[in-house]
Amino acid sequence: MMSIQTLEQFIIEQQAQFPTAKGEFTRLLQAISLAAKIVHREVNKAGLADILGKHGNCNVQGEEQQKLDVFADNHFMDALKRGGECCYLASEEHEDGIDLTKGKHYRLGKYMVYFDPLDGSSNIDSNVSVGTIFSIYKRKTVEGELDKEDFAQSGRQQVAAGYVIYGSSTVLVYTTGRGVDGFTLDPSIGEFCLSHPALTIPKDGHVYSVNESNYNQFSSAIKHYLQYCKEIDPTTNRPFSSRYIGSLVADFHRNMIQGGIFLYPATVQYPKGKLRLMYECNPLAFIAEQAGGKATTGRMPILDIDPKELHQRTPLIIGSEKMVDMVEKYIHEYADVE
Ligand code: P6P
C-alpha cells in the first residue's frame, strides 16, 4: 500500500524538529492550503459557473480584474486574516498592504505575507494553467506597530515562499529554507499529498522561456544570448526548445521539473522589468536557489535587492544554474555595449 503523507502531516513532522515551535507557522501554512483548495474548486469549474469574464473593476496595475482574480484575492486575504498568524498582508490586487497592527483586527501574529493571488489570470478564459505565489517574512520588530525595518527586508530574509499551480492537477510547492517540497491536491480526500519530495531543478536544461515579441526591445546581451539558444550545435544540445506559456507559475514550474530558463528582461516598455519583486520574483527566487537553481536580474541575485516600494518591478532571469550562468556571461561580455 502506498503511504500517503498529507501537507499537514509533513508540516507537523517538520515542526517537531523545532522543540520551541508553537505551531504558528503550521497554522499559517494551513490557512494558505485552505485558500488554495477553495481557489482550486473555482478555477476548475469557472467554465460552468458565471465566474468567467471581466469583473469590471481594474486592479492597481490598471489591468481588468477577472472575477477569479478577485475571488482568489478575497479568499487568501480572508484565510490569512482569520488564521491569526499575520500582522501584515500585501496583494498584487491592492495598492497598499494591510497593516493589521493598526487598529482592531483579528488576533495578530508575527508573519508578513506578500502574495499574487492568481498570477496569469488573463489566461483563464483559454484554460491555461494559472497560479498563486506567496512570500513570507517574520516581522523584525517584536511588538507594537510595524516599522520601516519590517518593510526593508530583502528576499534573502524570507522565512518561507511557495506557489500553487492550478493546472491538469493542483500542486503546492514551498520552501522554508531547507529544500523544496511539492504536494499534489487529491480532490477525492481534499488533501495536498506529498508528491515531489526534495524537489531540485536540473543543473542544466535545453528549454528557454521568453516573450520573443519583445526581441527588438531587449539589450544586445539578451539578443546575443537568444541567438545562442537558436544556433545548431548538438554538442551543447542546441537549438534549445522555446516554450512560453505567458503564465509565470506555469513556465517556472515546467522549468523546475524539466530544467530550463525563464527570462523577463528589461524592455523599452518595462525598463525595470515587468515582474514584481515582492510577490513574484523574490518567492520564486528563494525556491529556485533552494532547489539548486539561480535567479538574477542579470547583474545581481534577485534575493539581494533592497525593496523600496510594494509593487516595484525587476528584470528576472531564473532557472537551471548553468543556463543562468550563461546569460550572466553574455551580460558581462556586452556590458560596455549597453
Ligand atoms: P507578457 C501574466 O500577466 C504575467 O504577469 C506573468 O504571469 C507572465 O509571465 C507575464 O505576465 C507575461 O507577460 O508581456 O509576456 O504577456
Report the calculated FRET efficiency for Ser241 and Ala335 (r = Cβ-Cβ distance, R0 = 35 Å), to the nearest 0.05. 0.80
Within region 182-260, list the chymotrypsin sites (Phe, Trp or Tyr not before Pro) lying in a DSSP loop whose Cβ has at most 16 other Cβ atoms in a 10 Å radius. Tyr244
With a 27 Å threshold on alpha-carbon distance, the violating pairs from Lys223/Lys272; Lys67/Lys102; Lys37/Lys81 are Lys67/Lys102
Dipole magnitude of the chain about its Cα centre, charges +1 at Lys/Arg Cβ and -1 at Asp/Glu Cβ only, in debye to the nearest 20? 360 debye
Loop trypsin sites (Lys or Arg not before Pro), region 239-338, which have at most 14 other Cβ atoms in a 10 Å radius of their Cβ (DSSP): Lys272, Arg299, Lys308
For the chain, averaging the sequence separation of alpha carbon pairs under 8 Å that lie six or more residues apart and dividing by its residue count, the contact order in percent is 15 percent
Keeping the other protein chains in place, figure out the carbon and sulfur percent of the accessible area of region 134-280, with a 1.4 Å probe. 52 percent
Over region 164-321 - Rg/Rh using Cα atoms and the Kirkwood inverse-distance radius: 0.98
Once the Cα gyration tensor of region 64-192 is diagonalised, semi-axes √(5λ) in Å: 27, 18, 14
Using only C-alpha atoms and all pairs of different ones, pull out the Kirkwood radius for the chain in Å with one decimal. 20.5 Å
Per residue accessible area of the chain, 1.4 Å probe, in Å²: 45 Å²
What shape does region 244-338 have by the C-alpha gyration tensor, where a ≥ b ≥ c are the square roots of the eigenvalues, rounded means a/c under 1.5, and otherwise prolate means a/b greater than b/c and oblate the rest? rounded
Return the Rg/Rh value of region 117-207, two decimal places, where both radii are evaluated on C-alpha atoms and Rh is the Kirkwood radius. 1.06
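The values are calculated or read from the model by the stated rules, or taken from the named source; none is laboratory data. Just so we're clear, the structure is a prediction, and the values are computed from it rather than from any experiment. Positions of Cβ are backbone-derived with ideal geometry, glycine not excepted, and every protein chain shown enters the neighbour counts. These accessible areas exclude ligands, DNA and RNA; they are computed on the full protein's heavy atoms, side chains included. Shrake-Rupley method; radii C 1.70, N 1.55, O 1.52, S 1.80 Å.
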